[in-house]
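See below for the structure under consideration.
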Amino acid sequence: MLGRSALPQVDGARRLRVAAALAAGALVPLAAAATAPAAVVIQRGADNAIAVLGDDPTNPTVVGTGRCPVLTPDGGTVLFHSVADDALFAVPVTGGEPRLLAPGAVATSSCSRQAVVSADGSTVAAQTKNRKIMLVKLADGALTRLRATTVSQLAVVPGGGSVVIDRNAKGGGIDLYSVRNRAKLDRRRLTSDRVSFSPTWAGGRIVYSRIQGGRSTLRSLNTKNRRSKLLVRRPKGWLVSAIGIGPNGGTVLATTQKFRERKSGLQTTGPVRIGAVSSRGKVTWRLLSPDEQLLSGVDGGAAALTVTPSGELIRVGLADGSRTVLTTGIVSAYGS
């Protein structure tokens with residue numbers, strides 16, 4: 001899901017830094033970009049304006065002020081955090097009066113705890129300052145405050161009936177909480193080891209990272225029988241994680257980077273690559289430029305959005321590696 005929080009997180013404190021060598025493929029300047037992708041929302045660096053890019057990326061529509069914007073999968077609604085109000089708001093991409101969704105919802109300046117939307121767009125999950133989880137139904141605004149915390153990353157199952165929690169710093173593993181009513185949770189432990197983390201909803205399953213013996217793998221988990229299957233295996237010393245992008249999160253977008261295990265957590269170094277995972281677990285890796293950060297998927301899973309240290313928003317084609325500058329002067333962005 002999800003702005004800069006789409007980057008893998010470990011132990012709830014260490015967010016992977018995207019640092020890479022120069023990317024292959026030509027960079028298309030802004031003037032040559034005919035239109036923006038289907039739907040993109042940005043946070044402008046100069047004034048923290050939340051703005052939607054239309055057919056003319058140089059003339060975005062401002063819909064609010066805040067940080068860490070997220071789009072619903074249909075591209076029709078913008079969610080953003082208001083720092084002044086400590087709350088999560090929703091507003092149509094065409095503009096209008098923002099609607100309060102979740103009072104007390106927060107996101108860090110790096111967007112490591114921004115809102116997460118279910119793949120069907122029905123439900124939003126947000127976190128409080130003390131990492132308590134809130135679920136909000138977008139249709140009617142019904143808010144459920146869960147007696148559960150997350151230390152790193154969470155995902156919402158389509159329909160909003162369940163939330164997947166990464167509890168890596170509290171014993172390790174991944175939990176699935178079924179929300180039966182506004183007060184009761186049914187918890188199921190999906191994995192119990194200390195080396196499973198960064199869950200996301202992709203391809204109708206929970207996809208998560210696992211480390212054993214210095215080797216990282218990406219695995220797909222069936223929530224009914226808790227059986228998992230291997231998606232991607234990386235060489236020893238390479239970390240791999242993923243997010244679900246495109247319709248119903250059907251495309252698995254993986255990231256990989258060298259890492260070392262330390263007592264305090266995982267330390268990542270060197271270049272970062274991104275790529276879509278095929279049904280056979282094959283990935284064509286695309287190298288990002290120095291200090292470029294992955295933000296989200298876009299164009300129905302055909303491309304990814306990244307941001308450079310200078311604030312350029314770039315669309316990276318996952319099939320051909322093409323790179324197009326959409327706009328400049330941004331802090332964060334999200335696409336659908």
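The values are calculated or read from the model by the stated rules, or taken from the named source; none is laboratory data. This one's a predicted model, so the numbers in the text were calculated from it and none came from an experiment. Reconstructed Cβ throughout: ideal geometry from the backbone, glycine too, with neighbour counts over all protein chains shown.
Listed values, structure above:
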read-out	value
Only listed residue being at pLDDT below 80, closer than 30 Å to F259 by Cβ and buried (at least 24 other Cβ atoms within 10 Å of the Cβ), chosen from S152, S198	S152
Close pairs (7 angstrom Cβ cut-off, 6 or more residues apart or separate chains): hydrophobic (A, V, I, L, M, F, W, C) in the stretch 44-57, part of a loop (DSSP other than H, G, I, E, B) and exposed (fewer than 15 other Cβ atoms within 10 Å of the Cβ) anywhere	A46/G329
Residue list for the stretch 282-314, restricted to those being surrounded by fewer than 23 Cβ atoms within 10 Å (Cβ to Cβ) and of a type in the set (K, R)	K282
Residues within the stretch 195-239 that are out of contact with any Phe, Trp or Tyr (no Cβ under 9 Å at 6 or more places or on another chain) and assigned to a strand (DSSP E or B), tallied	11
Options A276, A254; residue that is in a strand (DSSP E or B) and farther than 23 Å from R113 by Cβ	A276
Exclusive hit being under 27 Å from V331 (Cβ atoms), in contact (Cβ under 8 Å) with a residue 24 or more places away in the chain and within 14 Å of the chain's Cα centre (by Cα), set R67, R99, R113	R113
Candidate set from the stretch 313-336 (those that are in a strand (DSSP E or B) and charged (D, E, K, R)); member that is nearest to P73 (Cα to Cα)	R315
In the stretch 221-250, the residues that are over 16 Å from G275 (Cβ atoms) and of a type in the set (S, T, Y)	T223, S228
